[in-house]
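Undergrad: One structure, pasted below without further comment.
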Amino acid sequence: MEYYGRRATLLTIIDFSSNSLAGEIPKEIGSLVQLGTLNLSMNQLSGNIPSNIGNLKLLESLDLCQNQLSGKIPQSIYSLTFLSHLNLSHNNLTGRIPLGNQLQTLDDSSIYKDNPLLCGHPLSKCPEEGDDVPHAEDNKDHADVSENKLGFYISVVLGFVIGFWGVCGTLILKKSWRYAYFQFFDNIKEKVILAIALKVARLQRTY
């Protein structure tokens, strides 16, 4: 048995398509590190795609279409850097399609077809990525900005009221201050008029 186990790890191609196979894909598949092609399509396989599928570093073709596989596509699949053919269509896979490396080049949406609960590139956006779905952080930021604006406007109004009544109220209540205030502006007015008159006289003498 040990001999056959070692021989199995040297397999480069497995094609069991259209064989009415049922049950889960054995996790031992991840030990076949020399595998270049794995085709288990058109069977009755169920359960999840093994999480150690990413161990098959040399895998170039993976076809699991037309089964009854469920759950999420394992994140380890992005480790398949040689993968050039992928078909996971016609299953019951769910969640977001993993991103990264070779998967980004496989942008044909048909390879994920008929997995109604699957989302992400190259399929439609996942609900949390929708442009019209507000995020909690966005709402919080918007609330913070609104609060800051409200605080600013309140400060401006209060500053104006306090400043205005601080001056006008004092002038109304304090007769001596009111007299000094208007006397100050009268003096300024006379000085300005005198300066203008002198400037005009100089210009007339010049020309």
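Bear in mind that the values in this text are calculations on the coordinates, not laboratory data. Treat the numbers as computed from the prediction; the structure is a model and nothing was measured. Here the Cβ positions follow ideal geometry from the backbone for every residue, glycine too, while neighbour counts run over all protein chains shown.
Undergrad: Classify the range 37-80: rounded, prolate or oblate, from the alpha-carbon gyration tensor (a ≥ b ≥ c, eigenvalue square roots; a/c under 1.5 rounded; otherwise prolate if a/b is larger than b/c)?
TA: oblate
Undergrad: According to a simple spin-label model (label point 7 Å from Cα along Cα-to-Cβ), what is the distance in nm between Leu21 and Lys57?
TA: 2.4 nm
Undergrad: Right, another one. Name the residues whose placed amide hydrogens come within less than 5 Å of the amide hydrogen of Gly71, ignoring near sequence neighbours (fewer than 5 apart) on the same chain.
TA: Excluding prolines and chain starts, which carry no amide H, the hits are Thr94.
Undergrad: To the nearest 0.05, how large is the calculated FRET efficiency for Thr37 and Cys126 if R₀ is 22 Å and r is the Cβ-Cβ distance?
TA: Given R0 = 22 Å and the Cβ-Cβ separation, E is 0.10.
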